[in-house]
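The values are calculated or read from the model by the stated rules, or taken from the named source; none is laboratory data. Bear in mind that the values here come from a model prediction, so they are computed numbers and not experimental data. Neighbour counts run over all protein chains shown; Cβ positions are idealised from the backbone, glycine included.
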Amino acid sequence: MTATGSLLYLDGVSVSFDGFKALNNLSFLIGRNEMRAIIGPNGAGKTTMMDVITGKTRPDTGTLLFGEKLDLTRHDEAEIAGFGIGRKFQKPTVFESHTVEDNIALALKAPRGPFATLFHRREREESARIDALLELVRLDSRRDDLAGDLSHGQKQWLEIGMLLAQDPQLLLIDEPAAGMTDAETAATADLLRDISKSHSVVVVEHDMTFVRALDVKVTVLHEGSVLAEGSLDHVSSDQKVIDVYLGR
Ligand code: ADP
C-alpha cells in the first residue's frame, strides 16, 4: 500500500492501553472526495481510530499521513483541526439559545487552528456562504428558529453545517443516524453524499440501513485491525464478518 492519491493514510498503526491493543497494525487509506463507512462490533477500535486521526491519542507505532505527506503523529489536536480535519461526535452540540443562522455565522468566525490564515470575510461574502451552508444542510427554512427548537436530526445537520463552515478537507462523523427517524436517516444519507462531492468523509455507523443508503465502500474493524473491506453486500457475505457479528 502506498499513500499516493490518498487524503488520509494509515499504515501499521497500533495503540495499547495497559498492554491491551485497541488498534493492532491498522492500515487503510481514504481517497480525496471519498466517503467511507467504518463498521465493527463494540470494542473493535472505531473510537480509538478517530482519536488517533484527530491527535487525541498518539499511536505507539505506525504511519499516519494527511495529504500524502503531512505526518499527523507529529502534531497535536488543535494543529490537526487547523489542517482541515473536522470531527463530529455522536451527540449534537449546537448553541441552543441562538438561531440556526447565528450558529452557522458563529462557526464561520471561529478560529481554525494555529496554521489558519486569519482574515475577515466581507459581509456579503459571509452571508452568501451562510445561505449556501444552510441550503446544503437542509435548514434554509429554519434559519430564524432557535437551534434548541430543532428536532434531534436537524440539530445533527446543523452541527455538520457548523463543521463545514470551518472548511475541513476531511470530516469524521460518529453515528450520525443514531436516534433519527427513518425520514431523517434517509435525508442524512443524501446530505452526506452531497458533502462527499467536495470533501472526504469517514462515517462510523451501526445502523446498517443507513450504511446501505450511503452506498459506499465499507471497512470492517475487529480487534483493532481491518477484517474486511468492500461493498456492504461483499463484507456482509464474508464468513469472517458473519462470525464476528454473531460472536463466534
Ligand atoms: P469501539 O469504538 O469500536 O467500540 P473503542 O475504540 O472504544 O472501540 O475501544 C477499543 C478497545 O480499547 C476496547 O476494548 C476498549 O475497552 C479499549 N479502550 C479504549 N480506550 C481505552 C482507554 N482509554 N483505556 C483502556 N482501554 C481502552
Cβ-Cβ below 9 Å, separation at least six or inter-chain, first residue in the range 229-248 and over 16 Å from residue 212 (Cβ atoms) and among the acidic types (Asp, Glu), second part of a helix (DSSP H, G or I) and at pLDDT 95 or above: which pairs?
229/235
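Filter the range 1-24 for residues that are assigned to a strand (DSSP E or B) and either among the basic types (Lys, Arg) or surrounded by fewer than 15 Cβ atoms within 10 Å (Cβ to Cβ) (or both) and give the result. I'd like the intermediate steps shown before the answer.
Residues of the range 1-24 that are assigned to a strand (DSSP E or B), as a first pass: 6-17, 20-24.
Scanning the range 1-24 gives 16, 17, 20, 21.
Grab the strands (runs of 3 or more DSSP E) fully contained in the range 166-248, keeping just those with 1 or more residues being of a type in the set (Ser, Thr, Tyr).
200-204, 217-222, 225-230
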Cross-chain or 6+ apart pairs with Cβ under 7 Å, the range 187-205 first and closer than 15 Å to residue 87 by Cα, then among the basic types (Lys, Arg) and buried (at least 18 other Cβ atoms within 10 Å of the Cβ):
202/36; 204/46
Quick one: is residue 21 of a type in the set (D, E, K, R) and closer than 20 Å to residue 171 by Cβ?
no
Taking residue 35 and the conditions (1) touching a helix residue (DSSP H, G or I) at 6+ places or on another chain (Cβ under 7 Å); (2) away from the ligand (no atom under 16 Å from the Cβ); (3) more than 22 Å from residue 218 (Cβ to Cβ), which numbered condition does it fall short on, given that it satisfies the others?
(3)
Is at least one residue of the range 47-67 assigned to a loop (DSSP other than H, G, I, E, B) and either of a type in the set (A, V, I, L, M) or within 11 Å of the ligand (Cβ to nearest atom) (or both)?
yes
Just give me the residues in the range 137-165 being under 16 Å from the mean Cα position of the chain (by Cα) and in a loop (DSSP other than H, G, I, E, B), in sequence order.
137, 165
Breaking point among (1) surrounded by 13 or more Cβ atoms within 10 Å (Cβ to Cβ); (2) at negative phi; (3) modelled with pLDDT of 95 or more, for residue 138:
(2)
Quick check on my filter: what residues within the range 178-188 are out of contact with any Asp or Glu (no Cβ under 8 Å at 6 or more places or on another chain) and either surrounded by 15 or more Cβ atoms within 10 Å (Cβ to Cβ) or on the phi > 0 side of the Ramachandran plot (or both)?
179, 180, 184, 186, 187, 188
So is residue 44 in contact with a His (Cβ under 6 Å, 6 or more places away or on another chain) and either more than 9 Å from the ligand (Cβ to nearest atom) or assigned to a loop (DSSP other than H, G, I, E, B) (or both) or not?
yes
Residue check: is residue 54 touching a Gly at 6+ places or on another chain (Cβ under 8 Å) and either surrounded by fewer than 20 Cβ atoms within 10 Å (Cβ to Cβ) or modelled with pLDDT under 95 (or both)?
no
Residue satisfying condition, being in contact (Cβ under 8 Å) with a residue 24 or more places away in the chain and on the phi > 0 side of the Ramachandran plot, within set 145, 167, 174
167
Which residues, counting only those in the range 16-32, are touching a residue at least 60 places away in the same chain (Cβ under 8 Å), within 13 Å of the ligand (Cβ to nearest atom) and more than 21 Å from residue 216 (Cα to Cα)?
21, 22, 23, 24
Looking only at the range 73-100, count every residue that is more than 16 Å from the ligand (Cβ to nearest atom), in contact with an Asp or Glu (Cβ under 9 Å, 6 or more places away or on another chain) and not in a strand (DSSP E or B) and tell me the total.
7
Lone unmet requirement of (1) more than 21 Å from residue 82 (Cβ to Cβ); (2) within 15 Å of the ligand (Cβ to nearest atom); (3) not small (Gly, Ala, Ser) for residue 11:
(2)
